[in-house]
Structures are given as C-alpha cells and as structure tokens.
Ligand code: HMG
Ligand code: MG
C-alpha cells in the first residue's frame, strides 16, 4: 500500500514564480490584495516577490512596496528571492522573514539566469547566507535544472548533489530542488531521490515541480513515497523562469491541494478560499488559468 504522510507543507510561490513570467504587468495594489487573500487561505509560507534587478525581472520591481504593504498574518513565513548582497540589503529594509538564494545545477542556465558561472556564484551566495543569518533570517536555497537544463539537456544527479551540499554547507535551512522546465518524469524523480537520499537528509528538502508536460502531480506522488513532505506550487499553475527557454507553469496549488485532500493528507489550506484567490488573479490577468480545478470552476 502507498505510504502517505498525514500532513504536507505547501509553499506558495505564485506571487514570485507565477508573476515573474507574466507579460501583463499586475498593478502593485492587486498583488497586495492577492497576497492578502492567500494569507487568509491557510498557508504557512508565501513567497511574495524577488529582490532582483528590475531590468532582469521588471514584473517584480515593486518588491519593496509589496513587502511593506501586505498584511502579515501570524504563523506565516513571508519570503523573497535574493540573488546577491544588493538584493539582500534591500530585502533587509523590509521585514521579510526568510530569503531564498538560487542557483542552477547547470552552468548554462546559471549564467543565463544570474550572469555568473557556478564557481563564481558560491562566494556571492555564501556572503548572502551569512549576512541574512546574522540578521536573524532563515534562508532557503533553490537548485534549478535538477532534472534537465534547456541548454545542456540531462543533468547528472551528482552535479545536483554537489551544488546542494555547497548550499547546505553555507548554512541554508532548506533546499528546494527545481524541475525548472518541467521535464522530470516519475521514474526519473524516483531514481534521483534514491541517489540523493544516500547523501542528504530529506527533512531539509522540498520539491519544486513545473508542470510543462503534465507530470508534476505524478512526480509529487513519487516524492511523497520517498518521504518528502514539502512542496512548492503556484496558484493557478502560473509560473516559469524567463531565463529558461520553454519553462512554463508551476504545479498548480489548487490541483495539488485537491489531490492531497482527496487522499486524506492534510495541508491546512481551505479549498474554497483558494479558488476565490485563484479567481481573483484570473480576473486580474484576464486569462484562463491552466489548473484543472479552475477549468472545472469555469465550466460551472
Ligand atoms: P548583473 O548585471 O551581473 O549584476 O546581474 P552586477 O552585479 O554586475 O550589477 C550591475 C548593476 O545591477 C549594478 O547597478 C548593480 O547595483 C545592479 P549599476 O552600478 O550599474 O547602476 N544590481 C541590482 N539592482 C537591483 N537588485 C539587485 C541587483 N544586483 C545588482 N539584486 C543579477 C546579476 C543577479 C542581479 C541579475 O542577473 C538578476 O537580477 N537575475 C535575476 C534572474 C531571476 O530572477 N530569475 C528568475 C528567478 S530563478 C527561478 O525562477 C527558478 C526557481 O523558480 C526554481 C526553479 O524553478 O528551478 C527559483
Ligand atoms: Mg520555478
């Protein structure tokens, strides 16, 4: 019989990963309203924006304003991406709870995304992690292109483990392993996790699936079977990395929550409130959201 946990933690990345890939600019007040609705839906973690260069990700240039205007709900960790010290300095001017550093397991994507080689990235992130921790923040570390790179194709799991170990050695509190372009299949996830668990503890690991080829939920199921209990997802299935050719939507939170609740796994998330928040961003973006739950919602 399939072994399932009683509870899963869902980390909402829609306001960051979701909106960074939208061509339509979302007004700041709508982002704030959306994040406030998410805060009411039962999450324990919301990634609200990125303190990156506005030329690279113009969609999130209002990160500071968003950070200072959202209503903070006790019990929720409000997190943001930071690529370097400049981003961290701005993030620390807000009362962000957690910062997320990010890099790639593949050279070409790392270069395209943050303009540095993997080796050049380590000292930058080491300083960010050290300073963030000194300021009393927790730190998350994303590893991208874990299951495939848009420029290099297959990425050996050894490379993923190397980058992951470096991030953990720097002091990150949690790793999030990203299928940036949504190429992973369940067997591949099974084999990768089998190798990773020999070297890293799963209590420090979250999975971050994109659903480009419709395999994200199947990949979650395999990860659950391995004992992973933290997953990133994006409301409506919005998302993608503008610096990863072909990257599209993240796993949709409402589809993930639906599957978990149907299987008796609790998430703390209220499904009707989630659908309301999804309908809000659907109206704001003026496009039908790709998730299965929202497809059903539209047909009612
Ligand atoms: P760069 O051009 O190499 O930066 O960009 P630089 O250090 O050479 O500095 C150039 C100028 O940028 C300077 O200004 C800096 O002050 C400024 P000047 O002196 O010329 O006036 N600058 C900044 N301004 C604002 N905020 C900053 C910042 N840093 C420098 N933080 C940089 C390097 C990392 C900044 C750039 O490449 C960048 O912003 N990249 C972000 C790309 C990004 O956000 N990608 C998407 C997120 S990753 C993702 O989606 C994957 C994930 O979801 C997991 C998965 O799915 O796998 C997490
Ligand atoms: Mg992503």
The one condition in (1) within 16 Å of ligand 1 (Cβ to nearest atom); (2) in a loop (DSSP other than H, G, I, E, B); (3) touching a helix residue (DSSP H, G or I) at 6+ places or on another chain (Cβ under 7 Å) that residue 46 fails to fulfil: (2)
Among residues of region 239-261, those that are farther than 20 Å from residue 293 by Cα, touching a helix residue (DSSP H, G or I) at 6+ places or on another chain (Cβ under 7 Å) and more than 10 Å from ligand 1 (Cβ to nearest atom), counted: 0
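So that you can scan it fast, the table gives a plain yes or no per residue for (1) within 23 Å of residue 80 (Cα to Cα); (2) at pLDDT below 95; (3) touching a helix residue (DSSP H, G or I) at 6+ places or on another chain (Cβ under 9 Å):
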| position | (1), (2), (3) |
| --- | --- |
| 177 | yes, no, yes |
| 180 | yes, no, yes |
| 194 | no, no, yes |
| 205 | yes, no, yes |
| 214 | no, no, no |
| 218 | no, no, yes |
| 235 | yes, no, yes |
Test: residue in region 77-93 that is more than 16 Å from ligand 2 (Cβ to nearest atom) and assigned to a strand (DSSP E or B): yes
Filtered residues of region 212-237 (kept if touching a residue at least 60 places away in the same chain (Cβ under 8 Å) and within 12 Å of ligand 1 (Cβ to nearest atom)): 232, 233, 234
Looking only at region 168-185, and only at residues there that are farther than 19 Å from residue 215 by Cα, in contact (Cβ under 8 Å) with a residue 12 or more places away in the chain and away from ligand 2 (no atom under 16 Å from the Cβ), the one that is surrounded by the most Cβ atoms within 10 Å (Cβ to Cβ): 172
Residue among 283, 298, 197, 213 that alone is loosely packed, with under 15 Cβ neighbours inside 10 Å and within 16 Å of ligand 2 (Cβ to nearest atom): 213
Selected residue [surrounded by fewer than 15 Cβ atoms within 10 Å (Cβ to Cβ), at pLDDT 95 or above and either within 14 Å of ligand 1 (Cβ to nearest atom) or more than 20 Å from residue 289 (Cβ to Cβ) (or both)] from 83, 54: 54
Any hit, region 279-299, residues being under 21 Å from residue 9 (Cα atoms), in a helix (DSSP H, G or I), more than 16 Å from ligand 1 (Cβ to nearest atom) and out of contact with any helix residue (DSSP H, G or I) (no Cβ under 6 Å at 6 or more places or on another chain): no
Failed criterion for residue 256 (all others in (1) in a helix (DSSP H, G or I); (2) within 19 Å of residue 58 (Cβ to Cβ) hold): (2)
Residue that is nearest to residue 202 (Cα to Cα), among those in region 8-18 that are in contact with a helix residue (DSSP H, G or I) (Cβ under 9 Å, 6 or more places away or on another chain) and away from ligand 2 (no atom under 12 Å from the Cβ): 8
Exclusive hit being buried (at least 18 other Cβ atoms within 10 Å of the Cβ) and either over 19 Å from the mean Cα position of the chain (by Cα) or free of Cβ contacts under 8 Å to residues at least 24 places away in the same chain (or both), set 159, 130: 159
Number of positions in region 1-21 that are modelled with pLDDT under 95 and under 20 Å from the mean Cα position of the chain (by Cα): 1
Failed item in (1) out of contact with any helix residue (DSSP H, G or I) (no Cβ under 6 Å at 6 or more places or on another chain); (2) in a loop (DSSP other than H, G, I, E, B); (3) closer than 19 Å to residue 178 by Cβ, with residue 113 passing the rest: (2)
Counted residues, region 269-292 - those being within 21 Å of residue 7 (Cα to Cα) and in contact with a strand residue (DSSP E or B) (Cβ under 8 Å, 6 or more places away or on another chain): 1
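The values are calculated or read from the model by the stated rules, or taken from the named source; none is laboratory data. Nothing here was measured: the structure is a model prediction, and the numbers come from that model. Glycine gets a Cβ as well: all are built from the backbone with ideal geometry, and neighbour counts include every protein chain shown.
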